[in-house]
Amino acid sequence: MTTLWIIAAAGVSAVVVGVISYFGMAKMTAAKRNAILKEAEAAGEMIKKEKILQAKEKFIQMKSEHDRTVNERNQKVAQSEQRAKQLESNLQNQQRELDRKNTELDKQKENLSQQLAGLEKRKEELARTIKEQNALLEQIGGMSSEQAKEILMENMKAEARAEAATYVNDTIEEAKMTAGKEAKRIVIQTIQRVATETAIENAVTVFNIDNDEVKGRIIGREGRNIRALEAATGVEIIVDDTPEAIILSGFDPVRREIARLALHQLVSDGRIHPARIEEVVTKVEKQIEEEIAEVGKRTAIDLGIHNLHPELIRLIGKMKYRSSYGQNLLQHARETANLCGIMASELGLNAKTARRAGLLHDIGKVPDDEPELPHAIIGMKLAEKYKERPDICNAIGAHHDEAEMTSLIAPIVQVCDAISGARPGARREVVESYIKRLKEMEDIAQSYPGVMKTYAIQAGRELRVIVGADKLGDAESEQLSRDIAKKIQDEMTYPGQVKITVIRETRAVSYAK
């Protein structure tokens, strides 16, 4: 089609040239007209040949592209046919494999049917044999099968209980091996829960003021007064929206007392500025140091204790500003010392030595530097440092079993420390709730069968349960102690831990008349 267009264009061009020549030849001579006509014909012939040549080249190019496209299509068709043949071959192989497996399954099903039929037959034979044997046993033993079942079940229950108790004991022994790690984890969780309340309770002192205008004077211009007071005392001073109160926060109770007394003097005097603050704080520190020494001396004299090292006297005075579980540490030490003296006197031991050890037993809670050791060990090292006798040092270090007891004074100090701390009301527990808790603990234990008497001792830290020897065995007694402990743990709220002791004994009593 393109070739025809080229030829038509060449013809049109020739006609146009002829027309032009016709009008031009009217003014020319015949010779010139003929020459021009020849030239035009030659030019037209050349154009015609060129167009024909171009058309041929275009045709050859299009034909080559058409052949290439056809070849590519043929190759794709051949590849598709090859893949289809391969798929058909795979499907045939899979079908043959499936037929083979179906045949094997049919054979297996037939074999299973035969085995099931044989099992049913054997089951019927076994049932018939068991029935005959049961009848024979009933005839020989003189009891029915129901009675035999009951006896067997009772024997199996007893055996199961014994095995269960043995298993529980083994489990407990295994748990004891990992109890230390588990106890540390529980303590850490407990610390996470109560750390905030404990910090607020033991690290804060409230300073009461008459009106809130005093707060501005304590803060001072741009906060210079409160910054000077904090720098001088080492205590954080919190001035907030709490009405008529300023909070003194710090872990050192002596520093908090210095800050409280300094604030009291400053507010009473009315002159509050950095220079005056430093002067008053220095004066109060001297007063507190003198008061600490005086309290230590007066305590030692009241208890009849002499020749104490001055540093030990100072530490005894600092006990006034410390507390343990809400109990004032100095008051606790005085109680323990008095109890130790009384108990030592009753036992024929040296009462002065016992009072001395009782007064110093918690001295490790109030050192200026606090190394990472238990307070009993710290107190023992301090006593050794200031030349106390070895039996007193041992009593201080062993009152919480951190050291081995090597003197008769040591157990006395340990017992008297527990008595002072466990006294109802000593550590923020009213007598009514204390008695109610002990009664509830005894009632829980009394509710179990086989229990004869119950006694809550050691301020509710131990529960003694007496059971009848003819009603409970040894394994059952161990299980009873665990059951009571679990019920107390689930139903009661109490400090520390409660030791459950189940006592099973046999007594033979006779009378001579």
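The values are calculated or read from the model by the stated rules, or taken from the named source; none is laboratory data. Not measured: the values here are computed from a predicted model. Virtual Cβ from ideal backbone geometry, glycine too; neighbours counted across all protein chains shown. The protein model used for the area step is the full one, side chains on, heavy atoms only, and it has no ligands, DNA or RNA in it. Shrake-Rupley method; radii C 1.70, N 1.55, O 1.52, S 1.80 Å.
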(message) Counting only pairs 8 or more residues apart or on different chains, how many lysine pairs in region 73-140 have their Cα atoms under 27 Å apart?
(response) 9
(request) Could you compute the FRET efficiency for D474 and N328, with r as their C-beta to C-beta distance and R0 at 41 Å, rounded to 0.05? (result) 0.30
(request) Just grab the label-to-label distance for T69 and H264, each label 7 Å out from Cα along the Cβ direction, in nm (one decimal). (result) 11.1
(message) Please list, by residue number, everything in region 241-266 whose backbone N is under 15 Å from a paramagnetic label point 7 Å out along Cα→Cβ of Q287.
(response) 255-266
(message) Using the Kirkwood radius over C-alpha pairs as Rh, can you work out the diffusion coefficient of region 439-513 via Stokes-Einstein at 37 °C, viscosity 0.692 mPa s, in µm² per second?
(response) 251
(message) What aspartates and glutamates does K56 reach when the alpha-carbon gap must be under 15 Å and sequence neighbours fewer than 8 apart in one chain are set aside?
(response) E65
(request) Please give, to one decimal in nm, the separation of the simple spin-label points placed at L136 and N111, each 7 Å out from Cα toward the Cβ. (result) 3.6
(message) For K365, give me every one of the lysines with a C-alpha distance below 25 angstrom, ignoring sequence neighbours fewer than eight places off in its own chain.
(response) K184, K286, K297, K318, K320, K352, K381, K385, K387
(request) Measure out, as a whole number of angstrom, how far apart the alpha-carbon centroids of region 319-396 and region 265-301 sit. (result) 28
(message) For the pair E39/E120, report the inter-label distance in nm, with labels modelled 7 Å from Cα in the Cβ direction.
(response) 12.2
(request) Could you work out how far the C-alpha centroid of region 464-497 sits from that of region 38-111, in angstrom? (result) 92
(message) Are there any GluC sites (Glu not before Pro) in region 307-400 that are in a DSSP loop and have at most 15 other Cβ atoms within 10 Å? List them by number.
(response) E372
(request) Would you please put 246-254, 336-344 in order of how densely packed they are, using the mean number of other Cβ atoms within 10 angstrom per residue and starting with the highest? (result) 336-344, 246-254
(request) Using a 1.4 Å probe over the heavy atoms of the protein chains, calculate the carbon and sulfur portion of the accessible area of region 457-513 as a whole percent. (result) 46
(message) Counting just the Cα atoms, what span does region 35-168 cover along each of its three principal axes? Round to the nearest Å and put the largest first.
(response) 156, 45, 18
(message) Per 0.36 nm of contour for each residue apart, how much would the distance between T493 and Y511 grow if the chain were fully extended, relative to their Cα-Cα spacing?
(response) 1.8 nm
(request) Using R₀ = 60 Å, calculate the FRET efficiency as 1/(1 + (r/R₀)^6) where r is the Cβ-Cβ separation of E154 and N307; round to 0.05. (result) 0.20
